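Enquirer: Can you keep this structure in mind? I'll have questions shortly.
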Amino acid sequence: MSQLASFVVVANRLPVDRVVTPDGGVDWRTSPGGLVTALEPVMRRHGGAWVGWHGAPDETVEPFDHDGYSVVPVPLTTLEHNEYYEGFSNATLWPLYHDTVAFPEFHREWWDAYVTVNRRFAEAAAEVAAEGATVWVQDYQLQLVPRMLRELRPDLKIGFFLHIPWPPIEIFRQLPWRDEILEGLLGADLVGFQEPGGSSNFLRLVRRRTGLKVERDRVYVTDTHTSIARAYPISIDTQGFAELARSPEVIAESEQLLEELGHPKVVFLGVDRLDYTKGLRQRIRAMGELFAEGKLDPSEAVFLQIATPSRERVDEYKKLRDDIDLLVGRINSEVGGIGRSAIVYRHTHYPRATMAALYRIADVMVVTPLRDGMNLVAKEYIACHPGGAGALVLSEFAGAALELKQAYHVNPYDLNGLKSTLMRAATDPVKDRQRRMRALRKQVQTHTIDRWANGFLGDLENLS
Ligand code: ADQ
């Protein structure tokens, strides 16, 4: 890797995973994910670079070329990974930004590590960016990078996108380092949020806490620098998912899945990272009650819940895993026949093709987070489910609810409301469900991840 890059992405993780080749060597493979898919073409076109952690603590990896762009690994020690990533990012910011659905922990040494690591990412980006390059910083782990980078390289165009919700003012104010975070973000020329509510909350906070002049969506930070805050709802590679779901392999896999489930009349499906923001406890209780009350018959209906292992070393996540195991076990011990469980629960990661097969067979997709920046599962379901009458039950606290208006919206805290909506989604006339799905499909076909990336980058380029 020799050339400087005119387009740089900075994210906590690199878009590649290390794999061992058959001859025992080491290679890097693109990790599946919407962000990588959307940004790879831009990276190749502009001689791009991606700055991020490679996933192995206490190890330094030299920059290398991968599929037409540069990969720039940033090292982290084990202690930094514990304090910056598992600590400040995932046990302070994550719960705080998700409306404190779990209690955020504040530790000064975690903050110190966050500052140190953010500086390292900023320095790595400053080193690979060409004169006047565009740098796009991603997400809550790196909120100090925009300002640090601007100080190092005032010539750069800097964008920042927050993938999770921006919290209400009263909650954000709890953070002991609230002003540093605001100043960090204001280093960007353009700060993107999932929802208009996020950008307006951010601007209100800036006005209140910094005293800087704010005009509509523009903050006058210094005489020579202004920062704009706007909403850019993220989406998926809709066509890619739709094509995958129509492939003969995925159709065969979906038939195999139905066979394994004993061809139930109704399949309810939940697919989430195992995270307390996703509303799993409430959802499983609601489904359990529907079975226990006889509203759903376990010989005809099944609730399939897939949960990807996530942040398994953080205490709150260990507890969640135990709670879900217990809850599912208890419900299944009380309802259902000997050979047939009411709830089928798998704690595992699946390949994309299996995800598409699962979406194909789901009559009712249950997406009920307590709070979510967007929620891509909801959109993937719409893209993958074949014609006919699917149904999406969607929390009103997911960013996606603003766009997916024809979903069955629910308040996930209201168990009775959740139960009645689940039943409606499963039993409404086919024509009604088809009409809803048609409108939803139109939305995700026109609002794709490419449109999201082009919209953000187009605005960033055209800022004056
Ligand atoms: P997440 O909280 O991870 O993302 P989400 O948007 O639903 O939530 O994305 C999850 C992704 O993981 C989906 O692409 C899904 O297919 C995949 N996935 C889930 N379970 C899986 C399994 N068992 N096996 C394989 N894949 C699985 C954060 C924010 C969201 C925001 C996104 C993007 O919390 O609100 O939508 O970033 O900005």
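The values are calculated or read from the model by the stated rules, or taken from the named source; none is laboratory data. Keep in mind the model is a prediction, meaning the values are calculated, not measured. Here Cβ is always computed from backbone atoms with ideal geometry, including for glycine, and neighbour counts include all displayed protein chains. These area figures cover heavy atoms from the full protein model, side chains too; ligands, DNA and RNA do not enter into them. Shrake-Rupley method; radii C 1.70, N 1.55, O 1.52, S 1.80 Å.
Enquirer: Give me the residue from segment 298-339 that is of a type in the set (S, T, N, Q) and open to solvent by less than 20 Å² (accessible area, probe 1.4 Å) and, out of that set, farthest from the ligand (Cβ to nearest atom).
Expert: Once the filter is applied, the top-ranked residue is Gln305.
Enquirer: Of all the residues that make up segment 33-53, how many are open to solvent by 10 Å² or more (accessible area, probe 1.4 Å) and at pLDDT below 95?
Expert: 12
Enquirer: If Ala102 satisfies every condition in (1) open to solvent by less than 20 Å² (accessible area, probe 1.4 Å); (2) farther than 30 Å from Asp315 by Cβ but one, which is the exception?
Expert: It fails just one condition, (2).
Enquirer: Between Leu460, Leu415, Leu402, Leu394, which is surrounded by fewer than 19 Cβ atoms within 10 Å (Cβ to Cβ), closer than 22 Å to Gly198 by Cβ and not β-branched (Val, Ile, Thr)?
Expert: Being surrounded by fewer than 19 Cβ atoms within 10 Å (Cβ to Cβ), closer than 22 Å to Gly198 by Cβ and not β-branched (Val, Ile, Thr) holds for just one of Leu460, Leu415, Leu402, Leu394, which is Leu402.
Enquirer: To continue, here is another question. Mind listing whichever residues of segment 150-179 are without any contact (Cβ under 8 Å) to a residue 40 or more places away in the chain and in contact with a strand residue (DSSP E or B) (Cβ under 7 Å, 6 or more places away or on another chain)?
Expert: Listed by number, the residues that qualify are Arg153, Asp155, Leu156, Ile158, Phe160.
Enquirer: Do we have Val335 as farther than 19 Å from His349 by Cα and of a type in the set (A, V, I, L, M, F, W, C) here?
Expert: Values: farther than 19 Å from His349 by Cα: yes; of a type in the set (A, V, I, L, M, F, W, C): yes.
Taking the combined requirement at face value, the residue satisfies it.
Enquirer: Starting from segment 396-419, take each residue that is within 16 Å of the ligand (Cβ to nearest atom) and list its partners that are open to solvent by 60 Å² or more (accessible area, probe 1.4 Å) and among the aromatic types (Phe, Trp, Tyr), counting only C-beta distances under 8 angstrom and pairs at least six apart or across chains.
Expert: Final answer for the pair search is Pro412/Phe397.
Conditions (1) touching a residue at least 24 places away in the same chain (Cβ under 8 Å); (2) assigned by TED's automatic domain parsing to the domain that holds Ser70; (3) part of a strand (DSSP E or B); (4) closer than 26 Å to Gly240 by Cβ, marked per residue:
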site	(1), (2), (3), (4)
Val10	yes, yes, yes, yes
Arg29	no, yes, yes, yes
Pro32	yes, yes, no, yes
Pro41	no, yes, no, yes
Ala56	yes, yes, no, no
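Enquirer: Another question about this same structure. Inspect all residues belonging to segment 256-266 and state whether any of them is modelled with pLDDT of 95 or more, within 16 Å of the ligand (Cβ to nearest atom) and out of contact with any Gly (no Cβ under 9 Å at 6 or more places or on another chain).
Expert: So far as segment 256-266 goes, yes, one or more of its residues are modelled with pLDDT of 95 or more, within 16 Å of the ligand (Cβ to nearest atom) and out of contact with any Gly (no Cβ under 9 Å at 6 or more places or on another chain).
Enquirer: While we're on this one: Give Val20, Val74 a once-over and let me know the one that is loosely packed, with under 13 Cβ neighbours inside 10 Å, more than 16 Å from the ligand (Cβ to nearest atom) and assigned by TED's automatic domain parsing to the domain that holds Phe121.
Expert: Testing whether each residue is loosely packed, with under 13 Cβ neighbours inside 10 Å, more than 16 Å from the ligand (Cβ to nearest atom) and assigned by TED's automatic domain parsing to the domain that holds Phe121 leaves just Val20.
Listed here are the residues, each with its yes/no results for (1) in the same structural domain as Asn12 (by TED's automatic domain parsing); (2) acidic (Asp, Glu); (3) touching an Asp or Glu at 6+ places or on another chain (Cβ under 6 Å).
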residue	(1), (2), (3)
Gly132	yes, no, yes
Leu144	yes, no, no
Leu156	yes, no, no
Glu170	yes, yes, no
Gln174	yes, no, no
Gly198	yes, no, no
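Enquirer: Also, I was wondering about something else. Which one of Arg435, Arg441, Arg424 is under 25 Å from Asp297 (Cα atoms), among the basic types (Lys, Arg) and at pLDDT 95 or above?
Expert: Going through Arg435, Arg441, Arg424 in turn, the sole match is Arg424.
Enquirer: Still on this structure: Those residues that are polar (S, T, N, Q) and in a loop (DSSP other than H, G, I, E, B), I need them from segment 201-233; list them, please.
Expert: Thr222, Thr224
Enquirer: Within segment 227-243, track down each residue that is without any contact (Cβ under 8 Å) to a residue 40 or more places away in the chain and in contact with a Phe, Trp or Tyr (Cβ under 6 Å, 6 or more places away or on another chain). If you could, list the steps in order and put the result at the bottom.
Expert: Start the filter on segment 227-243 by keeping residues that are without any contact (Cβ under 8 Å) to a residue 40 or more places away in the chain, which leaves 229, 231, 243.
If the condition is that a residue be without any contact (Cβ under 8 Å) to a residue 40 or more places away in the chain and in contact with a Phe, Trp or Tyr (Cβ under 6 Å, 6 or more places away or on another chain), then Ala229, Ala231 are the ones that fit.
Enquirer: If you don't mind, there's one more thing I want to ask. Looking for whichever is among the aromatic types (Phe, Trp, Tyr) and within 20 Å of Leu290 (Cβ to Cβ) here; the options are Tyr350, Tyr359, Tyr345. Which one fits? Walk me through how you get there before you give the answer.
Expert: Numbers: Tyr350 fails: within 20 Å of Leu290 (Cβ to Cβ); Tyr359 fails: within 20 Å of Leu290 (Cβ to Cβ).
None of the others qualify; the one that does is Tyr345.
Enquirer: Of all residues in segment 161-170 being closer than 22 Å to Ala400 by Cα and more than 13 Å from the ligand (Cβ to nearest atom), which is farthest from the chain's Cα centre (by Cα)?
Expert: My answer is Ile169.
Enquirer: I would also like to ask the following. Would you mention how many residues in segment 343-354 are away from the ligand (no atom under 14 Å from the Cβ) and at pLDDT below 95?
Expert: Count: 0.
Enquirer: Name, by its number, the condition in (1) within 15 Å of the ligand (Cβ to nearest atom); (2) among the hydrophobic types (A, V, I, L, M, F, W, C); (3) farther than 23 Å from His98 by Cα; (4) touching a helix residue (DSSP H, G or I) at 6+ places or on another chain (Cβ under 6 Å) that does not hold for Ala362.
Expert: Tallying (1) within 15 Å of the ligand (Cβ to nearest atom); (2) among the hydrophobic types (A, V, I, L, M, F, W, C); (3) farther than 23 Å from His98 by Cα; (4) touching a helix residue (DSSP H, G or I) at 6+ places or on another chain (Cβ under 6 Å), Ala362 fails exactly one: (4).
Enquirer: Just the residues that are aromatic (Phe, Trp, Tyr) and within 16 Å of the ligand (Cβ to nearest atom), please, taken from segment 102-160.
Expert: Trp136, Tyr140, Phe160
Enquirer: For segment 77-99, name all the residues that are β-branched (Val, Ile, Thr) and open to solvent by 50 Å² or more (accessible area, probe 1.4 Å).
Expert: Result: Thr77, Thr78.
Enquirer: Further question on the same structure: Against the definition (closer than 23 Å to Gly240 by Cα and away from the ligand (no atom under 14 Å from the Cβ)), how does Arg424 come out, yes or no?
Expert: So Arg424 fails the test.
Enquirer: Going through segment 376-395 one residue at a time, which ones are in contact with a Leu (Cβ under 8 Å, 6 or more places away or on another chain) and within 9 Å of the ligand (Cβ to nearest atom)?
Expert: Of everything in segment 376-395, those that are in contact with a Leu (Cβ under 8 Å, 6 or more places away or on another chain) and within 9 Å of the ligand (Cβ to nearest atom) turn out to be Ala378, Lys379.
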